[in-house]
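Laboratory data are not the source of any read-out in this text; all were calculated from the coordinates shown. Just so it is clear, the model here is predicted, and its values are computed rather than measured. As a convention, Cβ positions derive from the backbone with ideal geometry for all residues, glycine included, and neighbour counts pool all protein chains shown.
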């Protein structure tokens with residue numbers, strides 16, 4: 001299950017099956033366009049991709065950048081954890097006056 005499927009399910013629960021169907025059809029066409037471009041158009045638009053030197057350079061750049069991006073986002077997740085249920089329930093807080101009431105929170109609108 002990817003993020004698009006989760007969004008479709010969330011919209012379906014909140015707004016009905018028609019919104020889920022529209023989201024799913026849009027995701028299908030986007031996946032179809034992207035995969036068609038990758039399969040049929042990659043060599044046509046960039047014929048230099050078949051050159052071994054270009055492949056080596058792209059693989060090296062990807063091998064350096066991808067772990068750095070992963071480490072950065074892992075660092076962000078550790079530094080700024082997101083735990084909405086813990087915040088709403090006041091977990092870790094001994095002072096009950098600091099707890100957030102669910103009545104004060106705005107309703108989620110999609």
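So here's what we get for this one:
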item: Distance between modelled label sites at residue 72 and residue 22, nm, 7 Å Cα→Cβ extension; result: 3.5 nm
item: Kirkwood Rh, Cα atoms: Rg over Rh of region 1-45; result: 1.19
